[in-house]
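Here is the structure we will look at.
The values are calculated or read from the model by the stated rules, or taken from the named source; none is laboratory data. Small disclaimer: the values here were computed from a predicted structure and weren't measured. Here the Cβ positions follow ideal geometry from the backbone for every residue, glycine too, while neighbour counts run over all protein chains shown. Calculation scope for accessible area: heavy atoms of the full protein, side chains included, ligands and nucleic acids excluded. Shrake-Rupley method; radii C 1.70, N 1.55, O 1.52, S 1.80 Å.
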Amino acid sequence: MTAIPKIKGLRWYIAVLLMLVTTINYLDRTSLSVAADTLTKQLNISVMQFSWIIFCFQICYAIMQPLSGRVIDWLNTRRGFSLAVIWWSIANILHAFARTPFTFGLFRGLLGIGEAGNFPGIAKSVAEWFPPKERAMATGIANVGSGTGALIAMPLVAWIILKFGWQEAFVFTGAIGFVWVAVWLLLYQPPEKNPFITTEELDYIHKGQKELDAEGLTQEKGVWKLVLRQANFWSIAIPRFLNEPAWTVVQYWIPLYLMTQRGMDLKQIAMFAWIPFLAADAGCLAAGIFSMMYQKLGLSVLNARKATYTTAALIMPCSLFIAKAPSAGWAILWFCCAGFGHQCLSTTALTLPADLFPRRTVATASGLSGSAALLGGMLFTLIIGWLVTTVGYGPIFVVIAFLD
């Protein structure tokens, strides 16, 4: 029998797989924002109705995050993650059949149910595959996909809409998820069961995780009780509630803002609106770099996380300059600063459940804190819809400058 080939550094291949699925996740969810101007014109969807469609996604996403995390903890990472991706891929394809705000909201809600499994799945995978000192970098690599998905969506979805139509954009982006699932099922197993891992890498992973276990993580029963009663959980959930509105603005409203307030057309959006998401990707990687840098300066793992988060939060006041920027180019520059700062601190927050909770509860803790984040994003989305139609975008940028 032919021996199964071993892959050196397999954990980093897993991190790349997590980046790719996050790219697909954000490609699917950002497709709507790129198509927003087309949909508002062709289907007579108002700005307020558009905000409600986004809200449908967010409320389903928020409700399902802890449930998805619990399902992934229960089913295991391999099967639970596959189920989530298959679900959201089908939901994204269904957008092609929507014709009213109600049906868009319905399919958007189904998309949110599936996509809620992404970050709990990432947290669980990182906890299984990485020792604590590497988790911020691994999460940063995975979270690069959030900016990359939106970055790709701008030119890709715009091109598909111009060439074929908006329906085809949803079908194409939705179908990509099935390819990822096939690769995931082939390659992913926990380190202890994975036939491709080397003995040296398995020992390295186990040694690092035992060091974390020695810090006092319990194995008592009652997952929800174990997570919710800890101050550590609320120290993650409350900041995530406050930082999500900034990403809501960057993710969903940049194309519409640049079109309606800066006079850009769909071709210009395809050419330039992806740039803030490239900066956001740099912020994801910066989280890992800053965390390791602070550890080398003598800080503990958790204090290095705190220092990284604080550094990133201090960048966010750059958002103040967006509304008064003298040109679209300057507005995009300040959006870049906001995207970089937000994704740096967001990646840090996403890493913490793997640092603070037993492996069997990581996805649940990540999902519950994700619900807190989405609650903040949902409330702000409705406020955005009202502010845009009554006052304008200025106050929005003031708020996101200081929430972090």
Cα extents of the stretch 87-215 along the three principal axes, largest first, in whole Å?
-> 55, 26, 24
Whole-Hz couplings from phi, Karplus 6.51/-1.76/1.60, listed for the stretch 97-106; x for Gly and Pro = 9, 7, 9, 10, x, 5, 5, 4, x, 4
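Based on the mean of other Cβ atoms within 10 Å per residue, sort peptides 112-123, 66-77, 241-252, 296-307 so the most packed one is first. List each step's numbers first, then the result.
Values: 112-123: 28.2, 66-77: 21.9, 241-252: 23.7, 296-307: 15.1.
Most protected by this proxy first, the peptides run 112-123, 241-252, 66-77, 296-307.
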Looking at the square roots a ≥ b ≥ c of the eigenvalues of the Cα gyration tensor of the stretch 279-404, which shape do they give, rounded for a/c under 1.5, prolate if a/b is larger than b/c, or oblate?
-> oblate
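Using the Cα centre of the stretch 97-156 as the reference point, and only Cβ charges (+1 on K/R, -1 on D/E), how large is the resulting charge dipole? Debye, rounded to the nearest 20.
Numbers: 5 positive and 3 negative charges, 24 e Å.
Its charge dipole is roughly 120 debye.
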I45's amide H: which non-local residues (gap 5+, or another chain) put their own amide H closer than 5 Å, with H modeled 1.01 Å from N in plane and none for Pro or chain starts?
-> T40
Taking only C-alpha positions in the stretch 11-70, Rg and Dmax in angstrom work out to 15.4, 48
If you keep only loop residues by DSSP, which trypsin sites (Lys or Arg not before Pro) in the stretch 93-145 have at most 14 other Cβ atoms within 10 Å of their Cβ?
-> R99
Among A142, A365, A84, whose mean-square fluctuation peaks in a Gaussian network model of the chain (Cα, cutoff 10 Å)?
-> A84
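What is the extension gain from K296 to Q189, computed as 0.36 nm multiplied by their sequence separation minus the C-alpha to C-alpha distance, in nm to one decimal? Before the final figure, lay out the partial values.
On the way: separation 107, 0.36 × 107 = 38.52 nm, distance 3.20 nm.
Going from the current span to full extension adds 35.3 nm.
Just the number, please: carbon plus sulfur as a percent of the accessible area of the chain, 1.4 Å probe, no ligands or DNA/RNA counted. The partial results should precede the final answer.
Numbers: 11240 of 15990 Å².
After summing per-atom areas, the C and S share lands at 70 percent.
Can you tell me, using C-alpha contacts under 8 Å and at least 6 residues apart, the relative contact order of the chain as a whole percent? Each step should come with its number before you reach the end.
Values: 704 pairs, mean separation 115.1, N = 404.
Reported as a whole number, the value is 28 percent.
Rounded to the nearest 0.05, what FRET efficiency do W330 and V391 have when you use their Cβ-Cβ distance and R0 = 30 Å?
Numbers: r = 22 Å, r/R0 = 0.72.
Result of the calculation: an efficiency of 0.90.
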Using a Gaussian network model of the chain whose springs link C-alpha atoms within less than 10 Å, name the residue from T389, T381, T22 with the highest mean-square fluctuation.
-> T389
Given charges of +1 on the Cβ of Lys and Arg and -1 on the Cβ of Asp and Glu, with all other atoms neutral, how large is the dipole of the chain about its Cα centre, in debye to the nearest 20?
-> 220
Leaving out same-chain residues fewer than 8 places away, which lysines sit with a Cα under 22 Å from that of K306?
-> K124, K133, K296
Cα-based helix-to-principal-axis angle, 166-187 vs the chain, degrees rounded to 10 | 0
The chain: most fluctuating residue of V21, V171, V85 per GNM, C-alpha cutoff 10 Å = V171
With unit charges on the beta carbon (Lys/Arg positive, Asp/Glu negative), name the residue among M316, T381, S291 whose Cα is farthest towards the positive pole of the charge dipole of the chain.
-> T381
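Which value, in Å², gives the accessible area per residue of the chain when a 1.4 Å probe is used on the protein heavy atoms?
Numbers: 15990 Å² over 404 residues.
With all protein chains present, the chain gives 40 Å² per residue.
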Go through I205, I93 and list them by solvent-accessible area, largest first, probe radius 1.4 Å.
-> I93, I205
